[in-house]
Every structure is written in C-alpha cells, then in structure tokens.
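Take a look at the structure below.
The values are calculated or read from the model by the stated rules, or taken from the named source; none is laboratory data. Worth saying up front: this structure is predicted, and the values here are computed from it rather than measured. All Cβ positions, glycine included, derive from the backbone under ideal geometry; neighbour counts span all protein chains shown. Remember, those area values only see protein heavy atoms, side chains included, never the ligands or the DNA or RNA. Shrake-Rupley method; radii C 1.70, N 1.55, O 1.52, S 1.80 Å.
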Amino acid sequence: MQVGYMKINELIRKGDLDAAQTELTPVLHAEPDNYLAQYLAGLVALRKADFDTALESFGKTVQLKPTHFDAHYCIGLALKEKGQIEDAIRKFR
C-alpha cells in the first residue's frame, strides 16, 4: 500500500472520516479506476452509514479487482445494514 493510502487507512481506523474523505477526493477524481481508492472510499461511506455510497464504491472495487475479498465482504455488511438480509447472505456465501 502506498504511503498516501496508508495515511488514509490510518485516518479511517482512527475515525477521522472527514479527513480521510478529503484526502481521497482528489485521488478519486484523478484515478477513478483505482480499486484501492474505491475500496477506501467505500470504507469511509460504510463508517458514515452511507450505505448506498458504500455499495457503489465497493461495487466499483470488485469490478476493477474481482478477487478483492474485503470489498465483497463489505458489500455484504452494507446490504445487511440496509435490511437486505437475503442479498447479504448471498454475498457472504
């Protein structure tokens, strides 16, 4: 993981979601097909309980990198939080 992404990940871990989002925004504009940036954006959205945005970001992550296990798992979490239990169960399988 590059230094900038490590910083963003640390901000997310500490709960400084606004700062993480501020760091991510220019990266997402410059590199919308960057799976790691999309994944981190999904984590920010998930932690902010913005489940639709989280699903969009995690969906882009798995489109760009289908083997990204954590993104698949986070899709299941977001679906569960939205009350879409059957869809979440299918994702967790």
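Residues of the stretch 46-69 that are assigned to a helix (DSSP H, G or I) and open to solvent by 80 Å² or more (accessible area, probe 1.4 Å): R47, D52, E56, Q63, F69.
Within the stretch 70-93, residues that are exposed (fewer than 14 other Cβ atoms within 10 Å of the Cβ) sit with their Cβ atoms under 9 Å from residues that are among the basic types (K, R), at 6+ positions apart or across chains, in these pairs: Y73/K91; I89/K80; F92/K80. So which of L24, L43, L28, L11 is within 18 Å of F92 (Cα to Cα) and either in contact (Cβ under 8 Å) with a residue 12 or more places away in the chain or open to solvent by less than 80 Å² (accessible area, probe 1.4 Å) (or both)? After applying the criteria, what remains is L43.
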